[in-house]
Amino acid sequence: MVAVIGRHMELKRSGRTWKGNCIFHGERTPSFHVYPEDKHFKCYGCGAYGDVFTFLQRLEGKEFPEVVRALAQEVGVEIPEAAEEDSAEARAKRKERNEVLAASDAAARYWAARLASRFGAPARAYLERRGVTEESVRRFRLGVAADAWNDLAPRLKEKGIGVAALQRAGLVIERERDGGGTYDRFRNRLMFPIAGMDGQVIGFGGRALGEEQGAKYINTPETPLYKKSKVLYGLDLARETIRKTRSAVLVEGYFDVIGLHQVGVTGAVAVCGTALTPEHVELLSRCDCREVAVLFDGDVAGLAAPAKAAQALFPAGMAGKVAVLPSAAGKSDPDEYARANGRAGVDALLAAAVPLSEFLVDRAVERACGDRPREAALERKLAAVRELEPFVRMMPEGLARSVFEDMIARRLDLDPGALRTELSAERRRPGVPAPAPTGHPERPSGAPSRPAPSAGPARGGPSAHARVRVLLPGPAADALALLAAFPDLGPVAEEERLPQLLPPGPLADLARDLVRGPVALDDALARLSSGADEATARRFRTLVGPGRPRPEEAERELRKAAVKATLERLDQEYGEALRRVTKAGSAAADGLDVTAQRLINQRRDLQRRLRSLERPG
């Protein structure tokens, strides 16, 4: 036990025990003790405790069977497989895993060698312009793929790697014509090996070096080992820092990670083309991470990142904070900012980061109420509450949620008790999941929701809560923006009945004109500004500008928005039916039952369709 733990940290004998500075948290006075006779360790500083297997699991982020096999292999002991693990299927999976690992490792080594050769001169020049040092090239195992269709397979064949293994690793693609065979997935690209927590290469990201190569970045497709929702770029190099500081810095890109590590911020990791997921948070938790600092660009996409991160962090109870690059800095991403300002500049930026919950409240309140929220109209305050409601529901019951609710009430000058009543109206119903926070929360599946209690009695019209729904930048407005940005989707919008999903007036008129034919974008924006509140107008400008989806995703996004808008209309119809019953008494109850069942059936069908649209592929 002492020998194994001693390979990872310095231990000194102290009587019948051994002690040293704990590897799981930073300390200067040794509080980590190993008790060889009892076969366990204990840190009296951070509470870490266990046997040699626990130590390696925690240190390397591996599961128990992996640790046992690795130790057995070290000492030359063969571990017999359990009967169910020794089936033909299990053996085939292990063989496939080993082949993919071997192929990925061989590709990484080949591309790294190519970068160091005369063939890599243009890529080295590009890295120099980006400020990447030779040490970082080695540390992150960067490489370059040849500008050729069939370079990798012949080269790796010499190393004993077959084409089938390269296909399973996502490195080559089978030709559908021209006599069959395969071609390289990555061509004329700077290559970023993506490693698991144990440092083994499991996938790649590739940055185009040519001007007209299609997508700037492409990644390995999902393989038996590489799943982008379960891997963080740089975690193998960042885990020790994360373990000692109990915090991680989350960024978006490969160069951001490299740039931050170069200036000494070695706890930086990046998602690989996806939002932060619960699986990512679990990986960080296995490194003893207690807090994640979200550091993204100050553009529209970057400012949306904290809300996406909250969906994974809040349910897990992990703390988060947000550091946004100052717009006056003139540096568009964390990499450039780090190079310009060094470690001190990044540390200052992280020190000024605000708690994630506070950031979300500030953004929602500013969007709905401007810079004087305490004086805002009730409708505007309710709009902010509606935007924040999904985040509240994501938090586990307890102190953190209570503090979050109090923060919202304080910023909007609302009674905390009344706010909790409003927020808990839907939580009391069983089976209500937390909807995705998009600024227009989607209602839970099942029966349409009852309208939330209004701030006072209705006076000859819909409640304030119902009026707020029209003012929110909802999914119908999203669909309208997408139609303006992609005029060829007119038939799709007509099929989804988009004009009927908008309130009568300028927005519905604009939708009808767009369905008939293209409308100049400037004209569409001008017409929208005169017919919608500022929040909707801002949302519209984002979706037709920097936040617009890729063309191949536009139809799916428009259909999703239209389905969500239809779900909102069903909720409104259900609420109106309830109000009619309230006025008419029990005589109308039978009619409500029929209406409710019809709406529930429609809603179930729409929810099923929405799930299908949101499914990748």
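The values are calculated or read from the model by the stated rules, or taken from the named source; none is laboratory data. Predicted model, so just to flag it, every value in this text is computed and none were measured. So basically every Cβ, Gly included, is an ideal-geometry build from the backbone, and we count neighbours across all protein chains shown.
Considering only residues in region 207-265 that are closer than 17 Å to PRO334 by Cα and in contact with a Cys (Cβ under 6 Å, 6 or more places away or on another chain), the one that is surrounded by the fewest Cβ atoms within 10 Å (Cβ to Cβ) turns out to be ALA248.
Just one residue in the set ARG569, ARG608 is modelled with pLDDT of 75 or more, touching a helix residue (DSSP H, G or I) at 6+ places or on another chain (Cβ under 9 Å) and in the same structural domain as LEU482 (by the TED database); that residue is ARG569.
Hey, any hits in region 232-245 for a residue that's β-branched (Val, Ile, Thr) and at pLDDT 95 or above? Scanning region 232-245 turns up no residue that is β-branched (Val, Ile, Thr) and at pLDDT 95 or above. Filtering region 113-126 to residues that are touching a Leu at 6+ places or on another chain (Cβ under 7 Å) and either aromatic (Phe, Trp, Tyr) or touching a residue at least 24 places away in the same chain (Cβ under 8 Å) (or both) leaves LEU115, PRO122, ALA123, TYR126. Scanning region 290-313 for residues that are in a helix (DSSP H, G or I), among the small types (Gly, Ala, Ser), touching a Pro at 6+ places or on another chain (Cβ under 9 Å) and modelled with pLDDT under 75 gives a single hit, ALA301. Counting only residues that are under 25 Å from ALA316 (Cβ atoms) and not in a helix (DSSP H, G or I), region 373-424 holds 4 of them. Listed here are the strands (runs of 3 or more DSSP E) enclosed by region 10-129 that have at least 1 residues being surrounded by fewer than 14 Cβ atoms within 10 Å (Cβ to Cβ) and at pLDDT 75 or above: 12-14.
Per-residue answers, yes or no, for (1) on the phi > 0 side of the Ramachandran plot; (2) modelled with pLDDT under 85; (3) of a type in the set (Ser, Thr, Tyr):
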{"position": "ALA338", "(1), (2), (3)": "no, no, no"}
{"position": "ALA351", "(1), (2), (3)": "no, no, no"}
{"position": "SER357", "(1), (2), (3)": "no, no, yes"}
{"position": "GLU366", "(1), (2), (3)": "no, no, no"}
{"position": "ARG428", "(1), (2), (3)": "no, yes, no"}
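When region 473-528 is filtered for residues that are outside any helix (DSSP H, G or I) and either surrounded by 23 or more Cβ atoms within 10 Å (Cβ to Cβ) or charged (D, E, K, R) (or both), the ones remaining, listed by number, are PRO473, GLY474, GLU496, ARG497, LEU502.
Looking across region 319-336 at every residue that is surrounded by 14 or more Cβ atoms within 10 Å (Cβ to Cβ) and part of a helix (DSSP H, G or I), the one that is modelled with the lowest pLDDT is identified as ALA329. A search for C-beta distances below 6 Å between a residue of region 155-178 that is touching a residue at least 12 places away in the same chain (Cβ under 8 Å) and any residue that is outside any loop (DSSP other than H, G, I, E, B) and of a type in the set (S, T, N, Q), counting only pairs 6+ apart in sequence or on different chains, returns VAL163/THR182; ALA169/SER104; VAL172/THR182.
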